[in-house]
Amino acid sequence: MALELGIDRRPVLPPSLWAKTAVPAPDTTVLQGDVRADVCIIGGGYTGLSTAVHLKERDPSLSIVVLEAAEPGWGASGRNNGQVIPAMTRPDPTDMLREYGPDRGALYAAMIRDSASLTFDMIRRHGIACEAVQNGWVQPAHTPGRMKISEKRFREWEALGAPVALYDRDAIGKLVGSPHYEGGWGNTTGGHINPLGYARGLARAALAAGVAVHRMSPATGLERHHDGWRVTTPGGIVTAGSVVLATAGYSRDLWPPLVRSFVPFRNYQAATIPIGENQRAGIVPGNQAVSDTRGDLYFFRFDALGRLVTGGNLILPFSSTERLERMLPERLAWLFPQLAGIRMEHVWHGHFAVTMDRYPRLFELGPGLYSFIGCNGRGVALSTAMGGVLAGLVLGDDRASLPLPVTAPQPIAFHAVARRVAQSALAWYRWKDRREV
Ligand SMILES: Cc1cc2nc3c(=O)[nH]c(=O)nc-3n(C[C@H](O)[C@H](O)[C@H](O)COP(=O)(O)OP(=O)(O)OC[C@H]3O[C@@H](n4cnc5c(N)ncnc54)[C@H](O)[C@@H]3O)c2cc1C
């Protein structure tokens, strides 16, 4: 997670497909000198940038500074699979109602239901060039047991008015182009994007609205100052009434209680070489985003040039590129026999924040100091939506109207150990994936 600098002193992005294909980064400056702002946002991923854009949309007179340690989209936002998914990994609507009660649970479920539409609306409203394709998101079920869960998910989201569909074995076979699924469900508002392009587009939208976005300006100190906060960076200081900590899985020691409330999880991504029309025929012909019901997920989507962008997880990181270059083509050839021998062109990885119960958290860390953490691997649409929620929190919206309770961080027991063994949980998921549980 260390920040590398290139010979031009710009932060080095991972060797991702997106670093090669995204629109160029907007021009941003390094913070120099001391400034005052109404709001300082630390972290230039979807959460931070969406918060900035939402704040400006609600009150154009606000002065807002975004501090990014590297460059906008350097974290998970520029490294992910780009699947825009209006659902969580674990909690389904009934779980949400049970967790938060009928009122807040309904607000939370509605936010998740609408989160993909909100993301694509944001892209259209700000003219963001990020290869956006809103052809739906599909979750194929890999066992009969998981198909039962898919039916339940379909029913619950349908009851909430989400545009969902249920697929039998035959229908999912045609939709995905693989014979290995029992059926599945999907939501037509989902889709996929070029994730780094989206982050850069959000940064451009924030800049256009008058937000000061600073690259290579890591917050190294955060302390209470009169009735606001003082944020220190190597080049200058921001004094602000409110601060939003949007550092997610890349949070380090700036605010230790935040860091102890989650564990960072490493996920690998990879893209094939562009696949020609003939070889591609029948594979996700509708160009949806696909992620299946495995705990150790199989997921894939095409990019604009016909590369299949997929990925996977490893318990131990040694020789990761070589192992993934072997493992992922085998998996793709099993799913889609016509891809036998396919070569991976890019392999990279990133980290996202995982909470023990898989629910995200909206934190008040001090007076006027807020954070959102715990996308649990489903954060493209969620972080975009949470930008609106954080903006509301900063502006003093009635907290009963927010989709998440505002809480203080609780440390994870044996956090240092949990961080070390987080990847080992994969062994448990793989065991469960092979059974009907
Ligand atoms: C490999 C991978 C694949 C994924 N695939 C999907 C997917 O297909 N669909 C989906 O919905 N979700 C996916 N996710 C999750 C999604 O990418 C994240 O939930 C989302 O990008 C989180 O955005 P964020 O802004 O909260 O955090 P990030 O994008 O991680 O941004 C945090 C930023 O904070 C900056 N920062 C840290 N410390 C400081 C500091 N002290 N000062 C200034 N800046 C600082 C970092 O440099 C970083 O840019 C994936 C995640 C990963 C890692």
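Neighbour counting of Cβ atoms within 10 Å sorts the residues Leu328, Leu382, Leu402, fewest neighbours leading, into Leu402, Leu328, Leu382.
In a reduced charge model with +1 at each Lys and Arg Cβ and -1 at each Asp and Glu Cβ, the chain shows a dipole moment near 800 debye about its Cα centre.
Pairs from the table (Lys148/Lys432; Lys20/Lys174; Lys20/Lys56) lying more than 26 angstrom apart at Cα are Lys20/Lys174; Lys20/Lys56.
Positive-end ranking of Phe363, Tyr429, Gly388 along the dipole of segment 310-437, with charges on Cβ about the Cα centre, is headed by Tyr429. Relative to the longest principal axis of the Cα atoms of the chain, the long axis of helix 320-335 lies at roughly 40 degrees. By the count of neighbouring beta-carbon atoms within 10 Å, fewest first, Met147, Met386, Met356 end up ordered Met356, Met147, Met386.
So how strong a dipole does segment 89-224 carry about its Cα centre when Lys and Arg Cβ are +1 and Asp and Glu Cβ are -1, to the nearest 20 debye? Can you show the working numbers first?
On the way: 17 positive and 14 negative charges, 70 e Å.
Rounded to the nearest 20 debye, it is 340 debye.
For segment 264-349, the list of trypsin sites (Lys or Arg not before Pro) that fall in a loop by DSSP and count at most 16 other C-beta atoms within 10 angstrom reads Arg343.
How would you classify the chain from its alpha-carbon gyration tensor, with a ≥ b ≥ c the square roots of the eigenvalues: rounded for a/c under 1.5, else prolate if a/b is greater than b/c, otherwise oblate? Prolate shape, in that a/c is at least 1.5 and a/b is the bigger ratio.
May I ask what percent, to the nearest 5, of DSSP beta bridges between residues of the chain are antiparallel? Around 65 percent of the beta bridges assigned by DSSP in the chain are antiparallel ones.
Report, in whole Å, the centroid distance computed from the Cα atoms of segment 214-270 and segment 25-84. Going from one Cα centre to the other spans 12 Å. Angle check, please: helix 380-394 long axis (alpha carbons) against the longest principal axis of the chain (alpha carbons), in degrees 0 to 90, nearest 10. Long axis of 380-394 versus the principal axis of the chain: about 30 degrees. Kindly identify segment 209-310 as rounded, prolate or oblate by the Cα gyration tensor criterion: order the square roots of the eigenvalues as a ≥ b ≥ c, call it rounded if a/c is under 1.5, otherwise compare a/b with b/c, prolate if a/b is larger, else oblate. It comes out prolate by the Cα gyration axes.
Which shape class applies to segment 80-125: rounded if a/c is under 1.5, otherwise prolate when a/b exceeds b/c and oblate if not, where a ≥ b ≥ c are the square roots of the Cα gyration tensor eigenvalues?
Working: a/c = 4.41, a/b = 1.79, b/c = 2.46.
Since a/c reaches 1.5 but b/c is at least a/b, the shape of segment 80-125 is classed as oblate.
Over the chain, what is the relative contact order in whole percent, taking alpha-carbon pairs under 8 Å and six or more residues apart? About 24 percent, as a whole number. Separation of segment 316-365 and segment 388-402, taken as the distance between their Cα centroids, equals 35 angstrom.
Each reported figure results from applying straightforward, stated rules to the coordinates on display, with no laboratory input. Keep in mind that what you see is a predicted model, and the values were worked out from it rather than measured. Reconstructed Cβ throughout: ideal geometry from the backbone, glycine too, with neighbour counts over all protein chains shown.
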